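See structure below.
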Amino acid sequence: QVQLVESGGGLVQAGDSLRLSCAASGRTFHNFPMSWFRQTPGKEREFVASISFNGAIKDYGDSVRGRFTISRDNSKNMMYLQMNSLKSGGTGVYYCTADASDGAVRIGTSECWGKGTRVTVTS
């Protein structure tokens, strides 16, 4: 089991950058694929990005590709989401997830979820 805690959210203006962090506890962190999801009121939870257990494979949602970068540092039990050129549509609560399955972290059925960090982008 992996416990996840997100941080780094805040209030920013459109065009700004923000870096989210996800701290993981649990001895097997380095074995788990992980991902970020975004929840905006009135909308379905949206896939943002995923990363393989060793960081070699990354995938992004269409709305963020080219602007966001996912990364991880297994030596520190940390995952990150660098968000550049933020748009008002980037507003929401961002959750980090982990699961033994690559597929689960992409479709949002991960076993482990953090409590989220809120990002508000003003225009």
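The values are calculated or read from the model by the stated rules, or taken from the named source; none is laboratory data. These figures come from a predicted structure and were not determined experimentally. Note: ideal-geometry Cβ built from the backbone for every residue, glycine included; neighbour counts use all protein chains shown. Accessible surface is based on the protein model in full, side chains and every heavy atom, while ligands, DNA and RNA are left aside. Shrake-Rupley method; radii C 1.70, N 1.55, O 1.52, S 1.80 Å.
For segment 1-12, which positions are open to solvent by 60 Å² or more (accessible area, probe 1.4 Å) and outside any strand (DSSP E or B)?
1
Please work out which residue is nearest to residue 122 (Cα to Cα), limiting yourself to segment 13-28 and to residues that are surrounded by 13 or more Cβ atoms within 10 Å (Cβ to Cβ) and over 15 Å from the mean Cα position of the chain (by Cα).
So the residue we want is 14.
Tell me which of these residue 90 doesn't satisfy, since it passes every other one: (1) of a type outside the set (Ser, Thr, Tyr); (2) at pLDDT 95 or above; (3) under 15 Å from the mean Cα position of the chain (by Cα).
Only one criterion is unmet by residue 90, namely (2).
Looking at 120, 109, which is the one that is open to solvent by 10 Å² or more (accessible area, probe 1.4 Å) and part of a loop (DSSP other than H, G, I, E, B)?
On inspection, the qualifying residue turns out to be 109.
Considering only residues of segment 82-106 that are assigned to a strand (DSSP E or B) and open to solvent by 10 Å² or more (accessible area, probe 1.4 Å), which is nearest to residue 37 (Cα to Cα)?
Selected residue: 95.
Of everything in segment 35-67, what is open to solvent by 90 Å² or more (accessible area, probe 1.4 Å), in contact with a Phe, Trp or Tyr (Cβ under 8 Å, 6 or more places away or on another chain) and closer than 15 Å to residue 79 by Cβ? Give them in sequence order.
53
Looking at segment 75-97, which of the residues that are in contact with a helix residue (DSSP H, G or I) (Cβ under 7 Å, 6 or more places away or on another chain) and of a type outside the set (Val, Ile, Thr) is nearest to residue 45 (Cα to Cα)?
Only one residue tops the list, namely 83.
Quick one: residue 71 ticks every box in (1) farther than 20 Å from residue 109 by Cα; (2) part of a loop (DSSP other than H, G, I, E, B) except a single one, so which number is it?
(2)
Under 9 Å by Cβ, and 6 or more places apart or on different chains, what pairs join a residue from segment 11-28 that is among the basic types (Lys, Arg) with one that is at pLDDT 95 or above and part of a strand (DSSP E or B)?
Qualifying pairs under 9 Å: 19/80; 19/81; 19/82; 19/83.
Going by the structure shown, is residue 58 over 23 Å from residue 14 (Cα atoms), among the basic types (Lys, Arg) and without any contact (Cβ under 8 Å) to a residue 12 or more places away in the chain?
No.
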